[in-house]
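Novice: Dropping the structure in here first, questions after.
The values are calculated or read from the model by the stated rules, or taken from the named source; none is laboratory data. A quick note: this is a predicted structure, and the numbers were derived from the prediction, not measured. Cβ atoms come from the backbone with ideal geometry, glycine included; neighbour counts cover every protein chain shown.
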Amino acid sequence: MEPRLRRVARRRLLLAFLVLALAGCDFLGGNDEPAAPRLYPVRIDGSWGYIGVSGRIAVVPRFEAAEDFSEGLGAVQIGGLWGYAGSGGNVRIPPQYRVAGPFSEGLAAVRGDAAYGYVDTKGTLVIDAQFDLAQPFSEDRAAVRIDGRWGFIDKSGALVIEPRFSDARSFSEGFAAVESVDGWVYIDRDGGVVIDPSFTIEVAGDFVDGLAPFATSDGWGYLDRDGGPAIAPRFEQAEPFAEGLAVVAEDGLFGFIDKSGAWAVTPQFREARAFSEGLAAVRLNSRWTFLDKASLRIGMERNFMRAEPFNGGIARIFNGREDDPDIGYIDRRGEYVWFPTK
Amino acid sequence: MKRLFSRLALFLGCASLLFGAGGCDFLTGEDQADATGLFPVLLDGRWGYINSLGRMVIEPQFYAAEAFSDDLAHVRTGSGHGFIDPDGDFVIEPRFEDARSFSDGLAAVRMDGRWGYLNRSGTFEINPQFTSAHAFSEGRAFVRTLDYDWEYIDTSGRIVRDATTPDLDEVDEPAFSDGLALVRHGDTYGYIDRSGKLVIPLQYSAARAFADRRAAVKISDRWGYIDDKKSTAISPQFISAASFSDDRAPVRKDGNQWGYIDRSGSLAIAAQFDEAMPFSEGRAPVMVDEKWGYIDPSGAYIIEPQFDEAMPFKDGAARVRINVGERQTYGYIDRDGKFLWYPTD
């Protein structure tokens, strides 16, 4: 009991010091700078704040929850409602939403009481709350659900593709996968069906570098832009390409293939995630570490309960208890930028 | 803990006294020049390293410590297994669940239940993807795959086998020597070459690895030796037989005692020991009446049997164990049988 109390007390002291040290930053921060620093949520003694990429506290922990920054704003929860904080730590869009999504192309999907709409970075509701569900914008289109059917809007809020799909994914490389009565097909930005293969697609993924993962009864493969099976379906699972390689599974083990479908890393992981910034999170047995793209070898000595992709030179990792984890950040060598806390 | 400090204080005190009194003799490089090896010793429950002059050069601090190989030593701390350099500094942080010493520039380490191989700079050369892994020898290592098959791999991690390679079972000495490795398939033993080719068929009921171009094999209840030309070099006649080194091999004769034969198979040292191990650096551990001593190539004792365990000589010293009641103490003797480090624990 005593050591724990002491630890808490020490953290409080640290916190108090940080508050004092950083009180000035809010004023000095000039928080409308165009190149806002990338910030990362951390939890200390149950309160959420943000660190910079160096691991130093940038926004003093005082939120009930905090999400990743996107386009200079991070969704934060205060009094049970979500708003957005700027990189200086000021709340820029006051807490008023039940759900607040990430910003992309200048807009974020938010939900007040009932329906989803979109706000801009000033907090103005530029597309009225009217959707059952709403996905982030990409390529000037956002998938929205109206009366149980998915369609697409543009940034003026105009419904450019009528809601007629039972499911829909976001646009990438000019295509969006949508589910119609006879399986998944791909549409273009005007809603025309442009890829509708002769075989039935059970699941369709996003295009990256001209290839999209798809599943048939034979397993997972990759489609090219003409709708042909560039890599024939034969895997148990397949993820979109990233940095030239894609995660696929065979016989219960995950590896990486190149765009010809040849193994770059033979199946050897219990799980694997896409490459990001030259590193890919992989699970050996129960723990995650990172695979280095340059060597295609495990690139660090540490391993973690859970790990997320690298983003801006650091990666979020989780240790401790699965249901109440400590959250930390590591650099590319696996050294702690922020030692896991909760 | 208190004892550790007092012992350390004593040691440091002695060391400073020595330096103070002996002065330059000790400092003028004799220490370094003559110190050809470092040897792990146990003091107050922690392992450190002495040099070949018996002086503690890396303070006792490790839970476990192995001999140096490729200039790095595998040690264990409270936080895991890692590798230190001869200065005692960690070159590879102790973050692994388990590890084996370096050989051929690679060391097997375990991460999250899986074995892979690190190079000397501490980065993975072969990803952790095996359920078991042995040390490399002659560019090959015996590993167990995720499907629990035993295989030999090359230094790039690729499985080495050809059409003649049998399904492999575990063996005690999974290592290449003289270009050959002992393999077992069920109850029969044979030998493969570095390409995996079965060059000596599965025909022995028991066998040992090649050493000095000879291998002990068991043919119809008796042990003999074959050479690397696959012909019988010494006909099967012994109850048991161990490896050749320094042109001597320990064999167990009909009287159930061990002696040593030369390369022609004639008895060079009379059968007189209860146990006997191969020679290394001109010395061999032998056991009589439950105690181990060491002999020279003529069969004469350099140190009478008195140890509970005796390891082979390496870099001019051999580790010995003496049990003191429940405690196990470890020390080193030099080639003359003198204590380099009197057994401690």
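Novice: Limited to the stretch B:127-141, what total is found for residues that are away from every other protein chain (no Cβ under 12 Å) and touching a strand residue (DSSP E or B) at 6+ places or on another chain (Cβ under 6 Å)?
Specialist: So the count comes out to 9.
Novice: Can you spot a residue in the stretch B:93-112 that is surrounded by fewer than 23 Cβ atoms within 10 Å (Cβ to Cβ), on the phi > 0 side of the Ramachandran plot, within 10 Å of chain A (Cβ to nearest Cβ) and out of contact with any Asp or Glu (no Cβ under 7 Å at 6 or more places or on another chain)?
Specialist: There is at least one residue in the stretch B:93-112 that is surrounded by fewer than 23 Cβ atoms within 10 Å (Cβ to Cβ), on the phi > 0 side of the Ramachandran plot, within 10 Å of chain A (Cβ to nearest Cβ) and out of contact with any Asp or Glu (no Cβ under 7 Å at 6 or more places or on another chain).
Novice: Consider B:Pro278 against the criteria (1) in the same structural domain as B:Gln306 (by TED's automatic domain parsing); (2) part of a strand (DSSP E or B): it satisfies all of them except one. Which criterion is unmet?
Specialist: Evaluating B:Pro278 over (1) in the same structural domain as B:Gln306 (by TED's automatic domain parsing); (2) part of a strand (DSSP E or B) leaves (2) as the failure.
Novice: Can you find a residue that is part of a strand (DSSP E or B), buried (at least 20 other Cβ atoms within 10 Å of the Cβ), more than 14 Å from every other protein chain (Cβ to nearest Cβ) and at pLDDT below 95 anywhere in the stretch A:194-203?
Specialist: Yes; the residues of the stretch A:194-203 include at least one that is part of a strand (DSSP E or B), buried (at least 20 other Cβ atoms within 10 Å of the Cβ), more than 14 Å from every other protein chain (Cβ to nearest Cβ) and at pLDDT below 95.
Novice: Can I ask one more? If you check B:Val183 against the conditions, is it buried (at least 22 other Cβ atoms within 10 Å of the Cβ), within 24 Å of B:Asp212 (Cα to Cα) and either more than 21 Å from the chain's Cα centre (by Cα) or aliphatic (A, V, I, L, M) (or both)?
Specialist: When the stated conditions are applied, B:Val183 passes them.
Novice: OK, next. Hey, among the residues in the stretch A:49-95 that are outside any strand (DSSP E or B) and in contact (Cβ under 8 Å) with a residue 60 or more places away in the chain, which one's surrounded by the most Cβ atoms within 10 Å (Cβ to Cβ)?
Specialist: Checking each candidate, the answer is A:Gly89.
Novice: Report those strands (runs of 3 or more DSSP E) wholly inside the stretch A:233-342 carrying at least 2 residues which are away from chain B (no Cβ under 14 Å) and either more than 19 Å from A:Pro41 (Cα to Cα) or in contact (Cβ under 8 Å) with a residue 24 or more places away in the chain (or both).
Specialist: Counting at least 2 such residues, we get A:246-250, A:306-311, A:314-320, A:325-330, A:336-341.
Novice: Go through (1) free of Cβ contacts under 8 Å to residues at least 24 places away in the same chain; (2) more than 21 Å from the chain's Cα centre (by Cα); (3) surrounded by 14 or more Cβ atoms within 10 Å (Cβ to Cβ) and name the single condition B:Asn256 misses.
Specialist: (3)
Novice: Which of the residues that make up the stretch B:156-179 are under 21 Å from the mean Cα position of the chain (by Cα), in a loop (DSSP other than H, G, I, E, B) and surrounded by 13 or more Cβ atoms within 10 Å (Cβ to Cβ)?
Specialist: B:Val171, B:Glu173, B:Pro174, B:Ala175, B:Asp178, B:Gly179, listed by residue number.
Novice: If the requirement is being within 24 Å of the chain's Cα centre (by Cα) and under 27 Å from A:Pro267 (Cα atoms), which of these qualifies: A:Gly219, A:Gly210, A:Gly174, A:Gly228?
Specialist: A:Gly210
Novice: Report the residue count in the stretch A:215-232 for those that are in contact with a Leu (Cβ under 6 Å, 6 or more places away or on another chain) and not in a strand (DSSP E or B).
Specialist: Residues meeting the conditions: 0.
Novice: So, of the residues in the stretch B:142-153 that are in a loop (DSSP other than H, G, I, E, B) and among the acidic types (Asp, Glu), which turns out to be nearest to the other protein chains (Cβ to nearest Cβ)?
Specialist: The qualifying residue nearest to the other protein chains (Cβ to nearest Cβ) is B:Asp147.
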